Every structure is written in C-alpha cells, then in structure tokens.
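Here the structure is laid out as structure tokens; the discussion comes afterwards.
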Amino acid sequence: MFARLLLRDFRLVKIYTDVDLAFKVGRTMAVGYSEVSLHIPGILSLKEKRRVIKSLTERLRGKFNLSVAEVAGHDLWQAAVIGLAVVSNDRTHIRRVLAAAVRQMEGTGDVEVTEVTTEVY
C-alpha cells in the first residue's frame, strides 16, 4: 500500500519512526515500478479477463512480495496494463525483482507481454 501511495503522487516521502536506523546510517529509500502491457488471447468477456488477471496478480504478490494492480485497460476484454511496485534500499534488488516478475508473466501461457516500462527512483 505504501508503494501505491508513492506512485500515485510521483514523489518520495520519508517516514520517520522512533528508531529510524536507516536514515541514521545514511541509507535512502528507493522505489521502482514497472508498467506491463498485456494481451490476453481467447478471452470473450470481462469476467474471464478478471479471472486471469486476478490469478496472475495473486501469483506475483505471493512469489515476489511486491504491489500489483491493474492500472489501465479495465474495459477492454483482451488487453490490460499491470502496474508493479517495489520499495527497497537497494536499487539492484528492485531491478532484479521487477525483471523476475516480468519473466514470470512471460512464462505463463495465459498472457502475452507486449510492452514493459520500468523506472527506479
């Protein structure tokens, strides 16, 4: 949920706690996101599309511990845009997690990845 708030506002927000060791030692927070455009062949209704997208998003959440949501193409039967978000203090880790999640989507037979946009801040 925290990552979703950051991506919606397109700005980084520092959260301070009582014992904030990360900022005391000079570490910074990094946020990465990917927008993945999908083609879903053989779908004849929005109900079928919801089933495929829900299965995909739950699988990604469980395996990679990232935020996942359908961000565009809600009313299109055979197309969707999935947003992925990761928060970490290591930019390399973020890139690896996002790349692995996209590979996982490409490996399923349910969807075809047509475009991927990735940014790390």
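Can you check what the Kirkwood hydrodynamic radius comes to for region 37-117, Cα pairs only, in Å to one decimal? Mind showing how you got there, number by number?
Details: mean 1/r = 0.0771 Å⁻¹.
About 13.0 Å, per the Kirkwood formula over Cα pairs.
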Alpha carbon centre of region 100-121 versus region 46-82: separation in Å?
12 Å
In nm, to one decimal, how far is the LEU76 label point from the TYR121 one, both placed 7 Å along Cα→Cβ?
2.5 nm
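Where a number appears in this text, it was derived from the coordinates with a stated rule and is not lab data. Quick caveat, the model's predicted, so the values are computed rather than measured. Cβ coordinates were reconstructed from backbone atoms using ideal geometry, including for glycine residues, and neighbour counts include every protein chain displayed.
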